[in-house]
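Laboratory data are not the source of any read-out in this text; all were calculated from the coordinates shown. Not measured: the values here are computed from a predicted model. As a convention, Cβ positions derive from the backbone with ideal geometry for all residues, glycine included, and neighbour counts pool all protein chains shown.
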Amino acid sequence: MARKIIIDTDPGQDDAVAILLALASPELQVLGITCVAGNVPLKLTARNARVVCELAGRPEVKVFAGCDRPLERRLVTAEHVHGKTGLDGAELPEPSMPLQDAHAVDFLIETLRREPAGSVTLVPIGPLTNIATAMRRAPDIVPRIERIVLMGGAYFEVGNITPAAEFNIYVDPEAADRVFRSGAPITMLPLDVTHRALTTRPRVEAFRALPGRVGPAVAGWTDFFERFDKEKYGAQGAPLHDPCTIAWLLRPDLFTGREINVEIETEGRLTLGMTVADYWRVTDRKPNVTFIRDIDDAGFYALLTERLARL
Ligand code: RIB
Ligand code: CA
């Protein structure tokens, strides 16, 4: 029986690869894709999600537009990383598949109320505005969530948008705080693990060599996306952040982590959006996440390449 998931996303090249990986994997049933403002504004993330579904040959997937700004703050975007469209690096046609009429938050609430309790996994890979809004509007859905598997935060790796904070959390710290305090089981994939899933030339060339349109598109996105991290970190490649969530669902054995407490800084002048991880358990704060810190990156890229080849 395939695992039912909802991907909440702000595509972004790495989000796009995560969506492709999910759609290529029969172990997962994507009930819907909910879009949020983040890397680029909502209009673009809702467009980009449909571009990716059509690239995957899956125009029947339900795509919803959600919140166009954080709960309480102005939107911060990341065109400097993802380009003006959010999917720079590959020329793909405008989508012809429709956007669903329902708001993403209504879809999240209705789906979690309709599906059997504990049968739907949420996979947020952008700011947590949609998830937090759904929780606030319908607290009854929280115990019905099987697990939240999110890309976000950082601890040892520190921040990528400020010295202290990772982008997804920084954009909407209040939303992240609501989610991390919700009591729902959380698997967190922070920069600590995604920065160990770096692209290399051979890995990108393996994408480019895949038959069909998917491989070359992924290679083009990666070529574009990695320039930011390579300049900044002087690294040989870029971290494919968001696909790590889907890979964890498919092959948790490729990852290692531990149960710890993580809380969100929502007031710090210098540390706003920091995920304060009690990794060494120096407080009595209750563990609320499985904090993933390491990955078998060779295994990750082998899985990713094998699955993308199926599309
Ligand atoms: O910090 C990395 C995260 O921010 C990824 O989800 C990327 O897509 C951006 O949204
Ligand atoms: Ca993202």
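One residue alone among A18, A46 is within 15 Å of ligand 2 (Cβ to nearest atom), in contact with a Ser or Thr (Cβ under 8 Å, 6 or more places away or on another chain) and among the aliphatic types (A, V, I, L, M), and that residue is A18. Pairing each residue of the stretch 147-159 that is of a type in the set (K, R) with any residue that is part of a strand (DSSP E or B) and more than 15 Å from ligand 2 (Cβ to nearest atom), provided the two are 6+ apart or on different chains, yields C-beta distances under 7 Å for R147/T121; R147/T187. The numbered conditions (1) surrounded by fewer than 21 Cβ atoms within 10 Å (Cβ to Cβ); (2) out of contact with any Ser or Thr (no Cβ under 6 Å at 6 or more places or on another chain) are all true for G257 except (2). Scanning the stretch 83-106 turns up one or more residues that are of a type outside the set (G, A, S), more than 15 Å from ligand 2 (Cβ to nearest atom), more than 28 Å from P239 (Cβ to Cβ) and in a helix (DSSP H, G or I). From the list L272, L240, the one residue that fits, being within 19 Å of N168 (Cα to Cα), surrounded by fewer than 20 Cβ atoms within 10 Å (Cβ to Cβ) and touching a residue at least 60 places away in the same chain (Cβ under 8 Å), is L272. Within the stretch 218-243, being hydrophobic (A, V, I, L, M, F, W, C) and either within 15 Å of ligand 1 (Cβ to nearest atom) or touching a Ser or Thr at 6+ places or on another chain (Cβ under 9 Å) (or both) holds for V218, W221, F224, F225, F228, A235, A238, L240. Please find, within the stretch 164-212, the residue that is nearest to ligand 1 (Cβ to nearest atom) out of those that are within 19 Å of T266 (Cβ to Cβ) and in a strand (DSSP E or B). That would be M188. Give me the residue from the stretch 113-134 that is surrounded by fewer than 24 Cβ atoms within 10 Å (Cβ to Cβ) and without any contact (Cβ under 8 Å) to a residue 60 or more places away in the chain and, out of that set, nearest to T194 (Cα to Cα). Out of the qualifying residues, it is G118.
Looking at the structure I just gave you, is T200 farther than 26 Å from G273 by Cα and of a type in the set (S, T, Y)? Give the derivation first.
Values: farther than 26 Å from G273 by Cα: yes; of a type in the set (S, T, Y): yes.
When the stated conditions are applied, T200 passes them.
Of the residues in the stretch 225-253, how many are more than 18 Å from the chain's Cα centre (by Cα) and of a type outside the set (S, T, N, Q)?
Here is the first cut: in the stretch 225-253, the ones more than 18 Å from the chain's Cα centre (by Cα) are 227-228, 230-237, 253.
Remaining after also requiring of a type outside the set (S, T, N, Q): 227-228, 230-235, 237, 253.
Result for the stretch 225-253: 10.
Considering only the stretch 7-25, I want to know if a residue exists there that is out of contact with any Lys or Arg (no Cβ under 8 Å at 6 or more places or on another chain) and away from ligand 1 (no atom under 16 Å from the Cβ). Within the stretch 7-25, not a single residue is out of contact with any Lys or Arg (no Cβ under 8 Å at 6 or more places or on another chain) and away from ligand 1 (no atom under 16 Å from the Cβ). Looking across the stretch 69-82, the residues that are in a loop (DSSP other than H, G, I, E, B) and either under 12 Å from L44 (Cα atoms) or among the small types (G, A, S) (or both) come down to T77, A78.
Can G237 be described as of a type outside the set (A, V, I, L, M) and at positive phi?
On the way: of a type outside the set (A, V, I, L, M): yes; at positive phi: no.
In short, no.
How many residues are crowded, with 16+ Cβ neighbours inside 10 Å and either part of a strand (DSSP E or B) or within 16 Å of ligand 1 (Cβ to nearest atom) (or both) when one looks only at the stretch 135-163? Residues flagged as crowded, with 16+ Cβ neighbours inside 10 Å and either part of a strand (DSSP E or B) or within 16 Å of ligand 1 (Cβ to nearest atom) (or both) within the stretch 135-163 amount to 16.
The number of residues in the stretch 1-50 that are over 11 Å from the mean Cα position of the chain (by Cα), assigned to a helix (DSSP H, G or I) and of a type outside the set (S, T, Y) comes to 12.
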